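Worksheet for the structure shown next.
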Amino acid sequence: MAQNKPATPVKTNASARPQVKESSSTPVKFIFDKSNYRWLIISIAVVAFGFILMSGTTDIYSNTKIVLAPVVVLAGFAIGFYAILKKPAAN
């Protein structure tokens, strides 16, 4: 089975490259501020600390493992939500 190729290149109306406008030299505005990332790192550390509190094989019914550790993990997730929803400071 041979494929039929056109003898001449096919011309289209659209150009191959999209037209790019020259942008002015304005600084890039990020969604998150430095403080947002700081809170996000703190939340990751708190969640990790909660999982460390949950780990271990001895005395699995201790208050630390069934009460304190889940509360610490949930607090870490709450800090993470705060870090995401916090508006950056307007300069």
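A short reminder: the numbers here are calculations on the coordinates, not readings from a lab. Values in this document were obtained by computation on a predicted structure and should not be read as measured data. Glycine also receives a Cβ, built like all others from the backbone with ideal geometry; neighbour counts cover every protein chain displayed.
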Test of understanding: extend the Cα→C-beta vector of Leu68 to 7 Å, then name every residue of the stretch 32-52 with backbone N under 19 Å from that spot. 45-52
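Wrap a convex hull around the Cα atoms of the stretch 34-85, take a quarter of its surface area, and give that in square nanometres.
Spelled out: convex hull of the Cα atoms, projected over all directions, averaged, 3.1 nm².
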Order by protection proxy (mean Cβ within 10 Å, highest first), peptides 50-57, 26-33, 38-45: 38-45, 50-57, 26-33
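Can you put Val73, Val67 in order, fewest other beta carbons within 10 Å first?
Listing Val73, Val67 from fewest to most nearby Cβ atoms yields Val67, Val73.
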